[in-house]
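Every read-out reported here was derived from the displayed coordinates using simple, explicitly stated rules and does not represent laboratory data. Note that this is a predicted model, so its numbers are computed, not measured. As a convention, Cβ positions derive from the backbone with ideal geometry for all residues, glycine included, and neighbour counts pool all protein chains shown.
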Amino acid sequence: MSIRGLLPRRAEGLPPGQRQVKVFPRFSDKPLRWAPPSEPIALTVSVDGDPISTFSADDLGRFEQVEQVSDFHCVTTWTYRGARWGGVRFGQLAATVFDGATPPYLAAHAADRMSAIYVTDDLDNNNVLLALKLDGQPLDRRHGAPLRLVSPDQYGYKNIKHLVGLDFRHEEPASTMGPKEHLRARVAAEERHSSLPNWAVKAPYRLTIIPTALVAERALRSSPR
Ligand SMILES: Nc1nc2c(c(=O)[nH]1)N[C@H]1C(S)=C(S)[C@@H](COP(=O)(O)O)O[C@H]1N2
Ligand SMILES: [Mo]
């Protein structure tokens, strides 16, 4: 991986506080975490912890397949521009599962035990995808095989890779990431951290970009298949 491509640089038209990187790194809030082996898609949808349906690759194949180019913004201030995702709209899946209103909160769970919490209104946008492809190819383990959530208007930590569960909730779920997870994490509003101001987190976060990307890439290489 090119370190130069990871140097965050100022660029026109980025959201507040963001810097552009030229390569799309493997990244994580826990970079030592292994990448799970790539399993067939098995997405369990539940409500308040009770499973109500599951989706395989074939099931998702019956939805309209869409392609979208969007910028990807990590809370640590790096932005990768022009990621070309392929997949199905989150809203389409939600509409087939719920006749009436979608419950107000969601916890999304990954095969590597990462999870994130949401206000479902923040996912009510045509640009929110369950992505199976990146740049026309099936998602690789680096970027979240076999399925990931893509929510471009929210920071990277809401873009859950290796997605295995969508647990819709009637009450706000507890965060598994702690105070660094903002419930909304909307990029345009710079909702980076649940309690610390942006000025206190941006500089330290920025210093972690290159080491985190290098460690995360290494952890991928040493992950068992
Ligand atoms: N399952 C899982 N999803 C995750 C993470 C993770 O460690 N595990 N890291 C998050 C963070 S902090 C970011 S910035 C993006 C990075 O996505 P990338 O590795 O495709 O660049 O994934 C997010 N989703
Ligand atoms: Mo991130």
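Along its principal axes, the stretch 1-114 has C-alpha extents of 46, 31, 27 angstrom, given from the largest down. Cβ-Cβ distance of residue 63 and residue 170, R₀ of 22 Å, FRET efficiency by 1/(1 + (r/R0)^6): the value works out to about 0.30.
Computed 3J(HN,Hα) for the stretch 171-176, one whole-Hz value per residue from the Karplus formula 6.51 cos²θ - 1.76 cosθ + 1.60 where θ = phi - 60°, is 10, 5, x, 6, 7, 8, glycine and proline marked x.
On the beta carbon distance between residue 3 and residue 53, with R0 = 45 Å, the FRET formula returns roughly 0.50.
Would you mind estimating how fast the chain diffuses translationally, via Stokes-Einstein at 10 °C and 1.306 mPa s with the Kirkwood radius over Cα pairs, in µm²/s? Here the translational diffusion coefficient equals 90 µm²/s.
Please list, or write none, the lysines whose alpha carbon is within less than 19 Å of the alpha carbon of residue 180, excluding same-chain residues fewer than 8 places away. List returned: 30, 158, 161, 202. Residue-wise HN-Hα couplings along the stretch 182-188, as the Karplus relation 6.51 cos²θ - 1.76 cosθ + 1.60 with θ = phi - 60° gives them from phi, are 7, 4, 9, 6, 7, 4, 5 Hz; Gly and Pro carry x. Given the stretch 83-152, what whole percent of its Cα pairs are spread farther than 20 Å? Across the stretch 83-152, Cα pairs with separations above 20 Å total 31 percent. Rounded to the nearest 10 degrees, the inclination of helix 198-221 to the longest alpha-carbon principal axis of the chain is 80 degrees.
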